[in-house]
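What follows is calculated from the coordinates using simple rules that are stated; it is not laboratory data. In this text the structure is predicted, and so the values were computed from the model without any measurement. Using ideal geometry, Cβ is built from the backbone for each residue, glycine included, and neighbour counts are taken over all protein chains shown.
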Amino acid sequence: MLKTYTPSEAQQTILRRRRGGDNPYPQSLLNGLTERFGPGSTPESAVSAILDSIRTGGDPAVKKWSSELDGASLDSFSVPQARFEEAYRSIPEDLRQALKTSADRIRAFHERQPIPSWTTTELGGTVGQRFTPVQRVGIYVPGGTAPLPSSLLMSVIPAQVAGVPDILVCTPPEPDDSILAAAYLCGIKTVFRIGGSQAVGAMAYGTKTVPAVDKIVGAGGLFVTLAKQQVYGIVGLDGLAGPTETMVIADASANPAWVAADLLAQAEHDPLASAILLTPDAGLAASVAAEVKQQLESLSRRETILLALENRSGVVITGDMDTAVKLANDYGAEHLCLAVEDPDSLAENLHNAGGIFIGEFSFEVLGDYAAGPSHIMPTSGTARFASPLNVLDFVKLTSIVALDPDTCRRLAPTAARIADAEGLSAHSAAARIRLADPAGENNVD
């Protein structure tokens, strides 16, 4: 059930990062696309066709794809305002309190993130940087096989802290009350019942009903991710999410039942999820495998978990902790959990991870819901260069240049000389004209 690997075996299998063209789609998926979109169709070409039709067809195209792909006949995309408070009042009291606790911690965490604008006169005149919020953001909240109100909180709240004035949400048709309750808790006024790549297209291009946004954030399945990829440049993106992943580094001090529970929690997300244990201790590995088998019997998403454990999960016996650290840094996991005797010391040597969960009381599920940082984190090895969703994703930086005459005269020869070297004579002339007439006295009114 939970396979065991040597480091070299793991590097060729579960730790291998698959790049473009090296991860073929299941034949069943391709067969379904052929039936709907014609022979030779791929997920990429299908998404392109959907986006093109929405770009040119607007609302009718969105309705068409919502009907064909989601089985939803929508007279209106917008969730009525009355439904938000109604949903909030209808969910159980303990869930309301849980969502509020989560929202409060997410907001408190992100309000501590500095986004300082600054200027200086030390370089001559005034130069600096100014942060301003993105004006309109579209949040995609997955529906899929499970409603995810937590994803709404984790996306909306950082945007609100950044000062985004206009936030809209798209989520698949017939959203669960928990999602609408989370929207109500955040004060969100606009939720559209549109899912999949058609939601991305509507937000990117705009329709009569759905206003075009400046940036789209939020995780989704394959078709949402491909759609985000294809509209990049028309709108900004937070990133391209792949299947979710957790890596646990554990030693003999770890509680095998807890480690097993953490691996199973990750595996239940998706058949392509990764749940990987790195340990130098073969005895712990065996105990964790036994616990996985036992705990699995009582879990509701058993079939999904089994597929995830079979596809991209396993235990790697590393021999020593240094090897575990190297493998973890090479892999760049979305979630990296440290169930070791001295987690703080180990964490200092780990550089590539979306989030580092230090110690067994900082387990990853708390990060999913209530610790504070957004649970939307870089996947597929992008933690080598990308960050979790945060306030900076919702602001843009503008350079400020306000030089005085002396600084202008001092820098103009530098600019002119470099322009000459680049063969850009108009650039050079624009600099030299200031030198010929430093006070601008020859300007004609």
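Provide 427, 269 in ascending order of the number of other Cβ atoms located within 10 Å of each residue's Cβ, fewest first. Walk me through the numbers on the way to the answer.
Working: 427 15, 269 22.
With the fewest neighbours first, 427, 269 line up as 427, 269.
Extent of segment 111-156 along its three principal axes (Cα atoms, max minus min coordinate, largest first): 58, 22, 11 Å. Computed over the chain, relative contact order equals 19 percent, with contacts defined as Cα pairs under 8 Å that lie 6+ residues apart.
Can you sort 54, 179, 356, 234 by how many other beta carbons sit within 10 Å, fewest first? Display every interim value, and only then the final one.
Numbers: 54 29, 179 25, 356 20, 234 15.
So the residues, fewest neighbours to most, are 234, 356, 179, 54.
Across 128, 58, 367, mean-square fluctuation computed from a Gaussian network of the chain (C-alpha pairs under 10 Å connected) peaks at 128.
Using Cα atoms only, what is the angle between the long axis of helix 43-57 and the major principal axis of the chain, expressed in degrees (0 to 90) to the nearest 10? Approximately 50 degrees, to the nearest 10.
The convex hull defined by the C-alpha atoms of the chain has an orientation-averaged projected area of 28.4 nm². For residue 134, nonlocal amide neighbours, meaning residues 5 or more places apart or on other chains whose placed amide H falls under 5 Å from its own, are 395, 396.
The modelled label-to-label distance for the pair residue 119/residue 16, using points 7 Å beyond Cα in the direction of Cβ, is 5.7 nm.
Straight-line cross-link reach from residue 100 at under 19 Å between alpha-carbon atoms covers these aspartates and glutamates, not counting any fewer than eight positions away in the same chain: 85, 86, 111, 176, 177, 368.
With the simple spin-label model, which puts each label point 7 Å out from Cα in the Cβ direction, the residue 209 to residue 385 separation comes to 3.8 nm. Using 0.36 nm per residue and subtracting the Cα-Cα separation, the extra length available between residue 293 and residue 365 on full extension is 23.9 nm. Taken one residue at a time, the phi angles of segment 380-395 give Karplus couplings (6.51, -1.76, 1.60, θ = phi - 60°) of 6, x, 6, 5, 5, 9, 10, 10, x, 4, 7, 4, 5, 5, 10, 10 Hz. Gly and Pro are set to x. Once both labels are positioned 7 Å from their Cα atoms along Cα-to-Cβ, the gap between residue 76 and residue 252 label points is 6.6 nm. For segment 319-445, taking Cα atoms only, Rg and Dmax work out to 26.4, 80 Å respectively. The packing ranking, built from the mean of other Cβ atoms within 10 Å per residue, places the peptides 136-142, 204-210, 273-279 in the order 273-279, 136-142, 204-210, highest first. Counting neighbouring beta carbons within 10 Å and listing from fewest to most, the residues 376, 91 come out as 91, 376.
Projecting the Cα atoms of 232, 300, 332 onto the charge dipole of the chain (Cβ charges, centred on the Cα centre) puts 232 farthest toward the positive pole. Rounded to the nearest 0.05, the FRET efficiency derived from the C-beta distance between residue 146 and residue 400 at R0 = 56 Å is 0.75. Phi angles across segment 310-324 convert, under the Karplus curve 6.51 cos²θ - 1.76 cosθ + 1.60 with θ = phi - 60°, into 3J(HN,Hα) values of 6, 7, 9, 10, x, 10, 10, 7, 8, x, 8, 6, 4, 5, 4 Hz, Gly and Pro given as x.
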